Amino acid sequence: RYLLVGQPNRTLNPHRVLWTMTRHLATDDPMLAAKIMTATADLSTRVERSVYHLIVSWTADENPTRVQMEQVIATTLADMGLDRHQAIAVAHGD
């Protein structure tokens with residue numbers, strides 16, 4: 001929820017989220033995807049935490065396209081051995 005709307009009790013910034021994407025999920029809706037991911041994690045006795053939050057940032061002078069960001073997401077997940085896992089990506093504009 002925080003990734004999509006920000007801090008509780010704060011005014012929603014309409015420019016906060018540029019786009020979202022999901023991987024290995026039957027929905028593109030990030031809120032529903034998070035519920036599915038939690039339910040999936042609850043089925044496993046090996047999962048200690050159902051969320052792994054990773055931030056990828058660019059410097060102010062970098063302006064990657066969505067395609068470039070998605071390539072970085074795919075490469076980063078693969079490098080971490082997480083490319084076959086469920087994932088939600090949220091691109092912020094604020």
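The values are calculated or read from the model by the stated rules, or taken from the named source; none is laboratory data. Small disclaimer: the values here were computed from a predicted structure and weren't measured. Cβ placement follows ideal geometry from the backbone for every residue including glycine, while neighbour counts extend to all protein chains displayed. Just the protein is used for accessible areas: all its heavy atoms, side chains included, with ligands, DNA and RNA removed. Shrake-Rupley method; radii C 1.70, N 1.55, O 1.52, S 1.80 Å.
Would the chain count as rounded, prolate or oblate if I go by the C-alpha gyration tensor, calling it rounded below 1.5 in a/c and otherwise prolate when a/b exceeds b/c, oblate otherwise?
Values: a/c = 2.01, a/b = 1.25, b/c = 1.61.
Oblate, because a/c is 1.5 or more while a/b does not exceed b/c.
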Counting other C-beta atoms within 10 Å, and keeping those with at most 11, which DSSP coil GluC sites (Glu not before Pro) do you find in segment 46-78? E48, E62
Mind checking which of I55, I36, I73 has the largest fluctuation in a GNM of the chain, springs on alpha carbons under 10 Å? I55
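If you count only protein heavy atoms with a 1.4 Å probe, what accessible area per residue comes out for the chain, rounded to a whole Å²?
Working: 7440 Å² over 94 residues.
Here the per-residue accessible area is 79 Å².
Expressed as a rounded percentage, what relative contact order does segment 1-71 have, with Cα pairs under 8 Å and six or more residues apart?
Worked out over segment 1-71, it gives 13 percent.
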Just to be sure I understand the model, the point goes 7 Å from the Cα along the line to the Cβ. What's the resulting T65 to R49 distance in nm? 3.5
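Where the accessible area of the chain is counted over protein heavy atoms with a 1.4 Å probe, how much of it, in %, is carbon and sulfur? It would help to have the intermediate numbers written out before the result.
On the way: 3850 of 7440 Å².
The value for the chain is 52 percent carbon and sulfur by accessible area.
Of the chain, which part is the longest with no trypsin sites (Lys or Arg not before Pro) in a loop (DSSP not H, G, I, E, B) and with at most 16 other C-beta atoms within 10 angstrom?
Values: sites that count: R1, R10, R16, R46, R49, R84.
Within the chain, the longest run free of exposed trypsin sites (Lys or Arg not before Pro) spans 50-83.
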What number in nm² do you get for segment 10-65 if you take the convex hull of its Cα atoms and divide its surface by four? 6.1
Point-charge dipole on Cβ atoms (K/R +1, D/E -1) for the chain, about Cα centre, debye to 20: 320
